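Notes follow the structure.
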Amino acid sequence: MKKHVLIYLVLLISLAYAGDRIDCDPEMYNHLPQNFIETATFASGGQYVLSGHRDLYVRLWDIKTAQLLKSFNHGPLNWGLRVAISPDNKTIVSSGYKCNKSVTKFWNIETETMRKKIPTFSEVLTFSPCGKFVLTEAKSNLNIWDSKTGLLENKIVVDQLNTFEKFFNKSIGTIANKMFEKRTDRIRDIVVSSNKQFIACAIGKVIKLFQFNNVEDTFEFRGHTENITKIVLSRDINLLASGSDHRLNGSDTAFLLLKIWNLQERILERNLYLNNKYMSPIQTLRFTPDGKQICVGLWNKTIIIFDIHSGELFKIVHLKVRPYVFSFDCNFFLSVGNKLEVFETFSGKYVKTLWRAN
């Protein structure tokens, strides 16, 4: 009996450690075209676009003139590159990794100089609406940085081990820690309210709200059956929309696309369903400024627009490109890849090209 228990423990430990091994060949992606855009985002005022490229550079564009304004060399640690620009258009943050190395950089836009370099990577980069802070994820932790100094201001543990796992860890130490660290979920999206009252994090199947000035004061929205991938706030901060991974159940003809939450009453306002033939991962999500509609950009080159109050489907826009991110007023979206292009959201009409591969 003891022999079987020992074998079982060895298998658990080996599986736990195997999850941390990174099978990394630094040359494995060298065959991919370097003239390619990994990511892009609109500046909050709608005047600029920020793009992250495989050629190591982050670039800032003027939308009106389509001219390149600034370039920032993020460097070779640019796999999975993520970028963000502050609301006052004075600071840029870029984050990337390569194998077991990672780096996040804070840039001064005016001088094109690096303010701070941090040895970490974040899938999510979010500025607070005032621009004073940058919020990043570190697995199940939320880090809040000073955007000017790059110094860590606060660290919030969003998800942690359950009571049994804590007891087990305390009993047998670091081995148990390795075994159970995979039980915590990763933060997939972060939003901050414009009045700086709260932070919302999508982690696993839950949305967690933290009071900005008192992170011990929390609230949870539950109801998703799959991992939440995108969340967004309405401009009046009354509603929060969340979208998750999709999974069909038997003969269902429609799938749950979004949940709309009432932030004032802290209840589920409504579910928004869509015909199964449009089922695809959510790429981008945005409320219109008046809060009457919500636009959903899908991986299958489709934009779905719902009326919020009735819950009815308002419009479906079929595209020839994938919508990567909506502008803050929801009137435009960007498409990335071997081109950086701007399109109208409600019509899908092409507007202009900011960059294209040679």
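Some notes on this structure:
- One residue stands out among those in region 54-72 that are of a type in the set (Lys, Arg) and outside any loop (DSSP other than H, G, I, E, B): the one that is nearest to residue 39 (Cα to Cα), which is 59.
- Of the residues contained in region 56-68, none is found to be surrounded by fewer than 17 Cβ atoms within 10 Å (Cβ to Cβ), within 14 Å of residue 147 (Cβ to Cβ) and of a type outside the set (Phe, Trp, Tyr).
- Scope region 210-232; condition within 16 Å of the chain's Cα centre (by Cα) and surrounded by fewer than 20 Cβ atoms within 10 Å (Cβ to Cβ); matching residues: 227, 229
- Matching residues, region 130-160, being modelled with pLDDT under 80 and crowded, with 18+ Cβ neighbours inside 10 Å: none
- Residue count, region 210-250 (criterion: in a strand (DSSP E or B) and within 22 Å of residue 284 (Cβ to Cβ)): 13
- Residue match in region 109-119 (condition: closer than 30 Å to residue 358 by Cβ, surrounded by 22 or more Cβ atoms within 10 Å (Cβ to Cβ) and not acidic (Asp, Glu)): no
- Test: residue in region 243-250 that is of a type in the set (Lys, Arg) and closer than 20 Å to residue 327 by Cα: no
The rows are residues; the columns are (1) part of a loop (DSSP other than H, G, I, E, B); (2) touching a residue at least 40 places away in the same chain (Cβ under 8 Å); (3) surrounded by fewer than 20 Cβ atoms within 10 Å (Cβ to Cβ); (4) among the basic types (Lys, Arg).
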residue	(1), (2), (3), (4)
252	yes, no, yes, no
261	no, yes, no, no
273	no, no, yes, no
285	no, yes, no, no
303	no, yes, no, no
315	no, no, yes, yes
329	yes, yes, yes, no
333	no, yes, no, no
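- Pairs where the first residue, in region 94-109, is closer than 23 Å to residue 49 by Cβ and in a loop (DSSP other than H, G, I, E, B) and the second is hydroxyl-bearing (Ser, Thr, Tyr) and at pLDDT 90 or above, C-beta under 7 Å, 6+ apart: 109/91
- For first residues located in region 45-60 and farther than 14 Å from residue 356 by Cα, partners that are at pLDDT below 95 and among the aliphatic types (A, V, I, L, M) and lie 6+ apart or on another chain with Cβ distances below 8 Å form the pairs 58/81.
The values are calculated or read from the model by the stated rules, or taken from the named source; none is laboratory data. Computed from a predicted structure; not experimentally measured. Backbone-built Cβ (ideal geometry, glycine too); neighbour counts: all protein chains shown.
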